[in-house]
Amino acid sequence: MHPQPEDERERIHRAVQGDQAALSELYTQHVDAIYKFLFYRVGDQMVAEDLTAEVFADMISAIRRYKERGVPFRAWLFRIARARLADYWRQVKRRERGDEAWKGFVGANQIQTLPEKYFEYESLQQAMIYLTQAELEVVLLRFVGGLDHQEIAKVIRSNANAVKSRMHRALKKLRDVLESRAMAGEGDGET
């Protein structure tokens, strides 16, 4: 687990004390990762923006009670994001996200909302449909949220070995799907 840099600890301390500038700095530091995580989970820009706003509203209301207690600040934020996401799925009665959540996921307006590197391989997006919700979550927390195994374990209330195992299964599944698609003739005959 990466220890929080001293400047971030100071920023968090100031935010806990009610410093608005520190809250703003924490928001700026973490908003992109939270938004991207939520966007990949819901596949809708407006919903992801609303959920992101809820996460940071929750952060502001709870920051005075924040104590690290072994959970780094960004892991704490991702826990809030997971809770907001669970509330969202409950509200729309869609605990299991099906293919319809991915329809429009690669729509032109949505592609423009994320950096180009996330869309280099459309087949990767399609392969992600084959992951379980738990596998998708750890992959997104790692590669979109930038969390390490220890931090992911804190977010999902598991242990690092279980996270590593789930990550390994998810990446193997993605690799297998991509390789089988490539072998199925998606190549153009080049050597």
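Each value in this text was obtained by applying a stated rule to the coordinates, not by laboratory testing. Nothing here was measured: the structure is a model prediction, and the numbers come from that model. As a convention, Cβ positions derive from the backbone with ideal geometry for all residues, glycine included, and neighbour counts pool all protein chains shown.
Inside region 146-188, residues that are more than 22 Å from the chain's Cα centre (by Cα) and of a type in the set (K, R) make up a count of 1. The numbered conditions (1) among the aromatic types (F, W, Y); (2) closer than 19 Å to D148 by Cα; (3) touching a residue at least 24 places away in the same chain (Cβ under 8 Å) are all true for Y35 except (3). Going by what's in this entry, would R79 be described as closer than 18 Å to L147 by Cβ and touching an Asp or Glu at 6+ places or on another chain (Cβ under 9 Å)? Answer is no for this residue.
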